[in-house]
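In what follows, a structure is listed as structure tokens, so that the remarks can point back to it.
All of the numbers you see were taken from the coordinates with simple rules; none came from a lab. Treat the numbers as computed from the prediction; the structure is a model and nothing was measured. When we count neighbours, we look across all protein chains shown, and the Cβ atoms used for this are built from the backbone with ideal geometry, even at glycine.
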Amino acid sequence: MMLEVRDLHAFYGKSHILQGVDLRVDQGEIVSLLGRNGVGRSTACKTIMGLVPPVGEVGFKGRSIAGLVRVADGARFAPGPLDAAGTLSVGALNFAPDAQLDRLRHRRQGQGRP
């Protein structure tokens, strides 16, 4: 099993956003998280990645990762919506070597080449 989430809760201040989420993803599976606006899809992803403090269990490859900020190499969280340039920039981050990433970051900040 690659990812297991049990009884996951997340809060923004006093607002209880995720309430007892369970999820299991086995190796080789492709999973999609569906739901209407405001139901907690992004919060679930952020909580699993450790960007929002979790209450509950988050396990990856049999190890607890709850509360740790661990994002797999190459994985990014990009809040949307993105325009065409933003989408291309996020896509470039997944494939660019470190030197290219530095140049891209400088360009996006209006600093030209490093």
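All of LEU33, LEU18, LEU8, LEU51 fail the test of being part of a loop (DSSP other than H, G, I, E, B) and surrounded by 14 or more Cβ atoms within 10 Å (Cβ to Cβ), apart from LEU51.
When the range 23-40 is examined, which residues are found to be of a type in the set (D, E, K, R) and under 8 Å from LEU3 (Cα atoms)? Break it down stepwise before answering.
From the range 23-40, those of a type in the set (D, E, K, R) are 24, 26, 29, 36; that's our starting set.
Across the range 23-40, the qualifying residues are ARG24, ASP26.
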